[in-house]
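The block underneath contains the structure these notes are about, expressed in structure tokens.
The values are calculated or read from the model by the stated rules, or taken from the named source; none is laboratory data. Quick caveat: nothing in here was measured; it's all calculated off a predicted structure. Heads up, the Cβs are rebuilt from the backbone with ideal geometry, glycines too, and the neighbour counts pull from every protein chain shown. Ligands, DNA and RNA are excluded from the accessible area calculation, which covers all protein heavy atoms including side chains. Shrake-Rupley method; radii C 1.70, N 1.55, O 1.52, S 1.80 Å.
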Amino acid sequence: MIIFPAIDLKGGQCVRLKLGDMDQATVFNDDPGAQAKAFQDQGFEWLHVVDLDGAFAGESKNGAAVDAILANTTNPVELGGGIRTKEHIDNWLAKGVARVILGTVALRDPELVKEACKKYPDRIAVGIDAKGGKVAVEGWAETSELTVIELAKQFEDAGVAAIIYTDIDRDGVLKGLNIESTLELANAVSIPIIASGGLADIKDIERLIEPDCDILEGAISGRALYDGRLDPAEALALIKKSREGLA
């Protein structure tokens, strides 16, 4: 179980949205590089970064902030938001991003995702965001008629490194992860699943280390870390203890 601390970028700052609404953004840090280093110093092993402006624009809008993050952490970074073309994928992976997250393009052009997986094994993740169980795209501004599982199954044998599943109805409001839907997805496909949206406190971590969640690769935490509801040391110690118990 890996906890991925999240840095969401808007206007070059680290923010958190409420229910995916760009008009409900809270700024937590105006120095993304420093935030990346802080998460590494706290003991986290990965970093989850999203260019929110890019997700709406369809191209990178916070490139300088991402560069600063890459310069200030040795942890692997996964990046999503506005990555829609082969060139976008090539450029970010060449810059040192460990894996890119393809969201809107996974729905619009699944063949591009499959081609990217062949070219970059283990470096392509798919982001599936859902409102009411249906896939949302374009920075969550549009909802399709496709279900999460229907989209995920399109990539079953493509070599996708992970699927990041976000329940938008819980994102940024600290309601707790939607474990039921996340496990339903994890049991429907063989691709590793990362839970996102709503992680609230240590109770979510306790739930994630229960045996039925062994199938999950990890979970993303944003607001709970920023506002102190989740203590990094406590969360990581609990996960370490769980790992040792499985060894």
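Applying the selection to region 103-119, what residues are assigned to a helix (DSSP H, G or I) and among the charged types (D, E, K, R)?
Pass one, region 103-119, residues assigned to a helix (DSSP H, G or I): 104-108, 110-119.
Hits for region 103-119 are ARG108, GLU111, LYS114, GLU115, LYS118, LYS119.
Hey, ALA158 hits all of (1) surrounded by fewer than 16 Cβ atoms within 10 Å (Cβ to Cβ); (2) of a type outside the set (Asp, Glu); (3) in contact (Cβ under 8 Å) with a residue 24 or more places away in the chain but one; which does it fall short on?
The one condition ALA158 does not meet is (1).
Out of curiosity, is ILE220 outside any loop (DSSP other than H, G, I, E, B), touching a Leu at 6+ places or on another chain (Cβ under 9 Å), β-branched (Val, Ile, Thr) and closer than 26 Å to ASP30 by Cβ? Give the steps one after another, and end with the answer.
Details: outside any loop (DSSP other than H, G, I, E, B): yes; touching a Leu at 6+ places or on another chain (Cβ under 9 Å): yes; β-branched (Val, Ile, Thr): yes; closer than 26 Å to ASP30 by Cβ: yes.
When the stated conditions are applied, ILE220 passes them.
Report, ordered by the first and then the second residue, all pairs with beta carbons closer than 6 Å, sequence separation of six or more or different chains, a first member in region 120-132 that is part of a strand (DSSP E or B), and a second member that is open to solvent by 70 Å² or more (accessible area, probe 1.4 Å) and not aliphatic (A, V, I, L, M).
LYS131/THR143
Return the only residue of ARG123, ARG108 being crowded, with 17+ Cβ neighbours inside 10 Å, more than 27 Å from THR26 (Cβ to Cβ) and basic (Lys, Arg). First the steps, then the outcome.
Values: ARG108 fails: crowded, with 17+ Cβ neighbours inside 10 Å.
Just one listed residue meets the conditions, ARG123.
Would you say ILE168 is in contact with a Cys (Cβ under 6 Å, 6 or more places away or on another chain) and either at pLDDT below 95 or β-branched (Val, Ile, Thr) (or both)? Steps first, answer last, please.
Numbers: in contact with a Cys (Cβ under 6 Å, 6 or more places away or on another chain): no; either at pLDDT below 95 or β-branched (Val, Ile, Thr) (or both): yes.
Judged against the criteria, ILE168 is not a match.
Go through (1) over 16 Å from LEU9 (Cβ atoms); (2) among the hydrophobic types (A, V, I, L, M, F, W, C); (3) modelled with pLDDT of 95 or more for VAL105 and report which single condition fails.
Unmet for VAL105, out of (1) over 16 Å from LEU9 (Cβ atoms); (2) among the hydrophobic types (A, V, I, L, M, F, W, C); (3) modelled with pLDDT of 95 or more: (3).
Being in a loop (DSSP other than H, G, I, E, B), free of Cβ contacts under 8 Å to residues at least 40 places away in the same chain and not polar (S, T, N, Q) is the filter here, so list the residues in region 168-190 that pass it. Even if it seems obvious, please write down each step before you answer.
Initial filter on region 168-190 (in a loop (DSSP other than H, G, I, E, B)): 168-178, 189-190.
Pick out the ones that are also free of Cβ contacts under 8 Å to residues at least 40 places away in the same chain and you get 170, 175-176, 178, 190.
Matches in region 168-190: ARG170, LYS175, GLY176.
Six or more apart or on different chains, Cβ atoms under 9 Å: show the pairs whose first residue is in region 14-37 and of a type in the set (Lys, Arg) and whose second is open to solvent by 50 Å² or more (accessible area, probe 1.4 Å).
Close Cβ pairs satisfying both conditions: ARG16/THR26; ARG16/VAL27; ARG16/PHE28; ARG16/ASP227; LYS18/GLN24; LYS18/THR26; LYS37/ASN72.
For region 187-208, does any single residue satisfy the condition of being within 25 Å of TYR226 (Cα to Cα), out of contact with any Gly (no Cβ under 9 Å at 6 or more places or on another chain), modelled with pLDDT of 95 or more and acidic (Asp, Glu)?
Yes; the residues of region 187-208 include at least one that is within 25 Å of TYR226 (Cα to Cα), out of contact with any Gly (no Cβ under 9 Å at 6 or more places or on another chain), modelled with pLDDT of 95 or more and acidic (Asp, Glu).
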